[in-house]
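Below is one structure, written out as structure tokens, with a few remarks after it.
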């Protein structure tokens, strides 16, 4: 079999870019004395864009930076006994900079499987201390989030570049709910007050061009 584009396997450092789609979720925990409950009721696809810088240790291990932006949102349905459910939209534009270790399998012709894992730091550009009930925004995220990243993928060697498809899952390590939002409107502050903690979860399908 003819082997496509072998140069990338012999470069110590190489670069590329990422495009992808994502689905955002929350792991929500409510205070024991609160009757409020909620969940992400509608899954809305978002967009990932980023750059790649990879340093190759040997033919089985490399480390990569994959900085970029994640655009997406979540629609949370809050409920209480004997009351109608209330939907709150939570939109995010996240600047991220994951540091990842990539472990390769043996190349099989023009394909090669891999696993990837690491840490990520994210900054929500839309974070603020004000809610907007007129736009159905009743809660807000904190700006900073830290997460563990895990993924599996396959490298496809094309004649002039390498295309990788990757399924990556991100598990937030900290409470991202902004508990310091303004309390001017007590009717809507209850949605923040009833939540004990809220951790981010993101599933992404990524396409890397290297």
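Where a number appears in this text, it was derived from the coordinates with a stated rule and is not lab data. All values derive from a computational prediction rather than experimental measurement. Positions of Cβ are backbone-derived with ideal geometry, glycine not excepted, and every protein chain shown enters the neighbour counts.
Give the relative contact order (percent, whole number) for the chain; include only Cα pairs under 8 Å separated by 6+ residues.
The value is 23 percent.
Compute the distance in nm between two label points, each set 7 Å from the Cα along the Cα-to-Cβ direction, one at residue 29 and one at residue 196.
Distance between label points: 0.5 nm.
In 10 Å bins starting at zero, report the fraction of Cα pairs in the range 7-209 per bin as a rounded %.
Going out from 0 Å in 10 Å bins, the range 7-209 shows 8, 33, 27, 17, 10, 4, 0 percent.
Could you give the nm distance between label points at residue 171 and residue 207, where each point is 7 Å from its Cα heading toward the beta carbon?
The answer from the label model is 3.0 nm.
Springs between alpha-carbon atoms under 10 Å, Gaussian network over the chain: tell me which of 150, 160, 104 tops the mean-square fluctuations.
For the chain, modelled as a Gaussian network with Cα springs under 10 Å, the answer is 160.
Report the residues of the range 165-198 in range of a label on residue 41: point 7 Å along Cα→C-beta, backbone N strictly under 18 Å from it.
188-192, 194-195
Provide the convex hull volume over Cα atoms per residue for the range 103-210, in Å³.
On the way: hull volume 12.1 nm³, N = 108.
It comes to 112 Å³ per residue, whole-number rounded.
Report the full-extension gain for the segment residue 93 to residue 65: residue separation times 0.36 nm, less the Cα-Cα distance, to one decimal in nm.
8.2 nm
Could you tell me whether the range 92-142 comes out rounded, prolate or oblate from its Cα gyration tensor? Rule is a ≥ b ≥ c as square roots of the eigenvalues, rounded for a/c under 1.5, then prolate if a/b exceeds b/c, otherwise oblate. Each step should come with its number before you reach the end.
Working: a/c = 5.62, a/b = 3.26, b/c = 1.73.
Cα axes put the range 92-142 in the prolate bin.
I want to check the label-to-label distance for residue 49 and residue 106. Put each point 7 Å from Cα in the C-beta direction and report it in nm to one decimal.
Distance between label points: 4.1 nm.
Within the range 90-112, list the residues whose amide N lies under 16 Å from a label point set 7 Å along Cα→Cβ of residue 144.
Counting backbone N atoms under 16 Å from the label point, the list is 95-98.
In what order do 36, 126 fall by count of nearby beta-carbon atoms within 10 Å, going from fewest to most?
Going from least to most buried by this count: 126, 36.
From the convex hull of the Cα coordinates of the range 56-122, what is the mean projected area in square nanometres?
Working: hull surface 29.9 nm².
Dividing the Cα hull surface by four gives the mean projection, 7.5 nm².
Give me the extension gain from residue 136 to residue 3: residue separation times 0.36 nm, minus the current Cα-Cα distance, reported in nm with one decimal.
So the extension gain works out to 42.5 nm.
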